[in-house]
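Quick notes on the structure that follows.
The values are calculated or read from the model by the stated rules, or taken from the named source; none is laboratory data. Not measured: the values here are computed from a predicted model. So basically every Cβ, Gly included, is an ideal-geometry build from the backbone, and we count neighbours across all protein chains shown. What goes into the accessible areas is simple: the full protein's heavy atoms, side chains included, and nothing from ligands, DNA or RNA. Shrake-Rupley method; radii C 1.70, N 1.55, O 1.52, S 1.80 Å.
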Amino acid sequence: MDNNKKVAIFPASGKLGGSLTRHILKLLPAHDVVLISRYPSKIPDDYRNAGATIRAADYDSPKTLEDVFSQVNVLFLISYPTFQHELRTKAHKFAIDSAHKNGVKHIFYSSLAFAGLGDQSVAHVMQAHLDTERYLAQLASQDPSFSYTSVREGIYSESFPMYTALFNLKNPTNEIFLPHDGHAPGLAWVKIDELGEASALLLAKFYAAPDRFADKNRVLLLSGPREWSLNETVQALSRVVGREVLIRQVSVDEYATQKHVESGLTINGNNLAKEWATVYDAIRSGETSIVTPLLKDLLGREPEDFETTIRGMT
């Protein structure tokens, strides 16, 4: 077993991490894969039995990250699941420093598709990602033996409730109150499992030929196949639930004080609805409308249509 070929995924759970793990184990020898999870017992026995190494670590327990990346050459670091800016940035930096200290030579980082391919965003949710990308770039500039690839994962089709005032397919309303009029530019929605598959393909490309990997120290964007305005998005939801649903534009204050929005966007006792509402400014300015061919090129097929994905959720 060649320790220098080991790749790790952290966290190897959740929506993107679980998908990435399933796909990477179809592409690489299991004995070269390290799966790191907050709850190792939840890693499927099939992965363990195939020869994958299972380790325990948790963003919320920094001590667990200190040595968990030992004997790993390449890490796919999936972002901490919160949009609290400072907390998220701090967690990412600690994980990156731990990986670098333990000899990890390349980090793939799962960023987000705000900012397009630029380096600025008005969305609060994107700020920790931009901080993390800058930190990785700084580290790579200081250490020529280290490199990174930031993969800006497209806006998940399955996350549409976050952008439609927590619209519920099982209990649909006739109106969605947003601080946005619904017109383009919009979002290039993309299916989570296709992001996981494409991310695994990128990781496998590096594993196969790290010296020839062309995307070191770069930011990549995995977008869906086309842009959907919020009005088009809601029209698709209307078709799926079988009733007319319309966007009603309201102020940020009105949006944030809707009871279901307020409760759904209260995190660790902090109501972050107004911070989340900055995504509508970013959408309005075209940050999430950028379409690139990379996802299709990696998959070798046309990515799944937003409405098809949503119908599969009902």
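Out of the residues in segment 243-266 that are of a type outside the set (A, V, I, L, M), part of a helix (DSSP H, G or I) and without any contact (Cβ under 8 Å) to a residue 40 or more places away in the chain, state the one that is farthest from T173 (Cα to Cα). Across segment 243-266, the extreme among qualifying residues is D253.
Looking only at segment 143-182, how many residues end up being charged (D, E, K, R), open to solvent by 10 Å² or more (accessible area, probe 1.4 Å) and either more than 20 Å from the chain's Cα centre (by Cα) or under 29 Å from P210 (Cβ atoms) (or both)?
4
Being within 19 Å of the chain's Cα centre (by Cα), open to solvent by less than 30 Å² (accessible area, probe 1.4 Å) and hydrophobic (A, V, I, L, M, F, W, C) holds for only one residue in L203, L230, and it is L203. Considering only segment 80-121, state which residues are aromatic (F, W, Y), out of contact with any strand residue (DSSP E or B) (no Cβ under 7 Å at 6 or more places or on another chain) and crowded, with 23+ Cβ neighbours inside 10 Å. The answer is F83, F114.
Report whether or not T309 is open to solvent by less than 40 Å² (accessible area, probe 1.4 Å) and touching a Lys or Arg at 6+ places or on another chain (Cβ under 7 Å).
Answer is yes for this residue.
Taken over segment 137-165, the criterion of being among the small types (G, A, S) and out of contact with any Asp or Glu (no Cβ under 7 Å at 6 or more places or on another chain) is satisfied by A137, A140, S141, S145, S147, G154, S157, S159, A165.
Against the list (1) modelled with pLDDT of 95 or more; (2) surrounded by fewer than 21 Cβ atoms within 10 Å (Cβ to Cβ); (3) farther than 26 Å from K26 by Cα, the condition R212 fails is (3). Against the list (1) over 23 Å from L203 (Cα atoms); (2) polar (S, T, N, Q); (3) in contact (Cβ under 8 Å) with a residue 60 or more places away in the chain, the condition Q142 fails is (3). Applying the condition of being in contact (Cβ under 8 Å) with a residue 60 or more places away in the chain and within 24 Å of D253 (Cα to Cα) to segment 183-198 and asking which residue is nearest to the chain's Cα centre (by Cα) yields L187.
Do you know which residues across segment 31-63 are basic (K, R) and in contact (Cβ under 8 Å) with a residue 12 or more places away in the chain?
Answer for segment 31-63, where residues must be basic (K, R) and in contact (Cβ under 8 Å) with a residue 12 or more places away in the chain: R38, K42, R55.
Taken over segment 68-92, the residue count meeting the criterion of being under 18 Å from R152 (Cα atoms) and among the charged types (D, E, K, R) is 1. Among the residues making up segment 134-167, a single one is acidic (D, E), within 30 Å of T309 (Cα to Cα) and not in a helix (DSSP H, G or I): E153. Put simply, of D131, D119 the only residue that is part of a loop (DSSP other than H, G, I, E, B) and charged (D, E, K, R) is D119. Pairs meeting the criteria (first residue in segment 1-23 and modelled with pLDDT of 95 or more, second residue surrounded by fewer than 17 Cβ atoms within 10 Å (Cβ to Cβ) and not basic (K, R), beta carbons under 6 Å, at least 6 apart or on different chains) are K6/Q71. The residues of segment 27-69 that are modelled with pLDDT of 95 or more, in a loop (DSSP other than H, G, I, E, B) and crowded, with 18+ Cβ neighbours inside 10 Å, listed by number, are L28, A52, A57, Y59, V68, F69. The residues of segment 244-256 that are open to solvent by 90 Å² or more (accessible area, probe 1.4 Å) and farther than 21 Å from A184 by Cβ amount to a single one, E254.
Considering only residues in segment 133-142 that are small (G, A, S) and in contact with a strand residue (DSSP E or B) (Cβ under 8 Å, 6 or more places away or on another chain), the one that is least open to solvent (accessible area, probe 1.4 Å) turns out to be A140.
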